[in-house]
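What follows is one structure encoded as structure tokens, with my remarks underneath.
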Amino acid sequence: MPQVKNWQLNREMEYAYQENRPQRQFAAVFNLNRCIGCQTCTMACKSTWTFSPGQEYMWWNNVESKPYGGFPFGWDVKLLEMLGEQPWNGSTYEGKTVFEAREPAKQTASGMIALGFLPGDEDWRHPNIYEDTSKGHNPKGESLPEHQNWGFYLPRICNHCTYPACLAACPRKAIYKRQEDGIVLIDQSRCRGYRKCMEACPYKKPMYRGTTATSEKCVGCYPRIEQGQATRCIATCIGKIRLFGFINDPASPVHYLVHKAKVALPLYPQFGTEPNIYYIPPRWVPRDYLAQMFGPGVEPAIASYTQADKELLGVLQLFGATDRIIHSYKIDGEEAVGMDEKGVEVVRTAINEKVQVRPADRHNIT
């Protein structure tokens, strides 16, 4: 089995194919400290891509309440239990990935099957189960900023992984990763609806459509990407929690957040797919829960976020500031400036917004 480099695990791992990174990699950062669970992103995606017969239960974008919610139900808890111990030694993952923990009996001659499971119909029926349900726990030994009662919203789309489990598992080789932007797509003419992609994907983002007997998934809004625009879920986010870019471009603000400031972390890096959607962890949640979800970089990520320097503050202000793709940025005095692929300015925003004080003669009179 080929050995490939997974930088999120800080080691090599097994994968079905040789390492073949795209020219540019689709990536985004979601700031969980800002998400209000309004589902605007969900409905923007739904009204654009999954409004037809057979797609009623398809939610390529969804926002679930943690720690109890999930779509499909229990998608992460079930796989974490199957995977067993997931030890880290500093920044190096010493446990097994979904590829290394695969069941040999399920491996086929046509492809590699990752450790996984196929959700039942009942698991897909309630995309908002446990919405707004918080967790309360024993206050002994706890101190702020961790809350005694806590919960947070987790927005999810396809991670357009560097090592997609769906691609590795497909016996028809119907799934491919575009070289120009790293978006993972399903060739509908080749798909026969075997649902091996659904079983293997640890994030459960490929979904079966009964009316066509094929699988479908988030397409990364590639027609928009090709026109220099961010995806629908990112462009419509009213909480300004999302920022799109290409992570292998050192000038990109996404690259800065992940590789330089290191405030944005992958979701369940131990699965081994090297996902390309990153999250700024919520500050008020118990650290052991966050470490399981985002890996060992949680503490420094939260520390950097809560003590942000001027550059980080500027980049954070670029979230939701434009629907154009920001390829590069600069800090210009007290403003953050985002540029397109040609270096042309597309957005300029203040790093610190001015406080407006109402004049004395305009005070409300009661």
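We did not get these values from a lab; they are worked out from the coordinates using the rules stated. Note that the coordinates shown come from a computational prediction; the quantities given were computed from them, not determined experimentally. Because the Cβ atoms are built from the backbone with ideal geometry, glycine has one as well, and the counts that use them run over all protein chains shown.
Before moving on, here are some points about what is shown:
- Cross-link reach is defined here as a Cα-Cα straight distance under 21 Å, omitting same-chain residues fewer than 8 places apart; for LYS262 the lysines meeting it are LYS5, LYS240, LYS310, LYS330.
- Net lengthening on full extension, VAL355/THR212 (0.36 nm per residue, minus Cα-Cα): 46.0 nm
- Within region 196-292, GluC sites (Glu not before Pro) in DSSP loop having at most 14 other beta-carbon neighbours inside 10 Å: GLU226
- For region 162-223, averaging the sequence separation of C-alpha pairs within contact (under 8 Å, six or more residues apart) and dividing by the residue count gives a relative contact order of 31 percent.
- Size of electric dipole in region 1-75: Cβ of Lys, Arg +1 and of Asp, Glu -1, about Cα centre, debye, nearest 20: 260
- Karplus-based coupling profile of region 338-344, in residue order and whole Hz: x, 10, 7, 5, 8, x, 7, with θ = phi - 60° in 6.51 cos²θ - 1.76 cosθ + 1.60 and x standing for Gly or Pro.
- Spin-label model distance (nm) - ILE36 vs ASP121, 7 Å beyond Cα toward Cβ: 3.8
- DSSP-assigned coil residues among GluC sites (Glu not before Pro) in region 254-337, each with at most 14 further Cβ atoms within 10 Å: GLU334
- Along the axis of the charge dipole computed for the chain (Cβ charges of +1 for Lys and Arg, -1 for Asp and Glu, origin at the Cα centre), the listed residues ASN6, SER134, ALA16 are led at the positive end by ALA16.
- The slack between HIS259 and ALA321, meaning 0.36 nm per residue of separation minus the straight C-alpha distance, is 20.1 nm.
- Cβ-based charge dipole, the chain, positive-most Cα from PRO155, MET198, PHE30: MET198
- Across region 209-277, C-alpha contacts under 8 Å between residues 6 or more apart give a mean separation that, scaled by the residue count, equals a relative contact order of 12 percent.
- Sorted peptide list for 352-358, 182-188, criterion being average Cβ within 10 angstrom, highest first: 182-188, 352-358
- For region 19-114, chymotrypsin sites (Phe, Trp or Tyr not before Pro) are listed when DSSP marks them as loop and at most 13 other Cβ atoms sit within 10 Å of their Cβ; the list is PHE51.
- Applying the Karplus relation 6.51 cos²θ - 1.76 cosθ + 1.60 with θ = phi - 60° to region 20-34 yields 3J(HN,Hα) values of 8, 6, x, 4, 9, 10, 3, 7, 8, 10, 10, 8, 6, 6, 10 Hz, where x marks Gly and Pro.
- At an R0 of 35 angstrom, the distance between the Cβ atoms of ASN10 and GLU334 translates into a FRET efficiency of 0.40.
- Size of electric dipole in the chain: Cβ of Lys, Arg +1 and of Asp, Glu -1, about Cα centre, debye, nearest 20: 600
- Per residue, the convex hull volume that the Cα atoms of region 32-130 enclose (Å³): 170
- About its Cα centre, the dipole of region 234-312 is roughly 200 debye, where the only charges are +1 on Lys and Arg Cβ and -1 on Asp and Glu Cβ.
- Cα lying deepest toward the dipole's positive end in region 161-309, options ILE175, VAL254, TYR278, charges on Cβ: ILE175
- Residues of type lysines that LYS217 reaches as a straight line, Cα spacing below 20 Å, ignoring anything fewer than 8 places off in the same chain: LYS46, LYS173, LYS177, LYS196, LYS204, LYS205
- Between ASP249 and ASP187, the FRET efficiency from the beta-carbon distance, with R0 = 25 Å, is close to 0.35.
- FRET efficiency for the ARG362 to GLN148 pair, using the beta carbon distance and R₀ = 56 Å, is estimated at 0.85.
- Ranked by how many other beta carbons lie within 10 Å on average, peptides 243-250, 318-325 from highest: 243-250, 318-325
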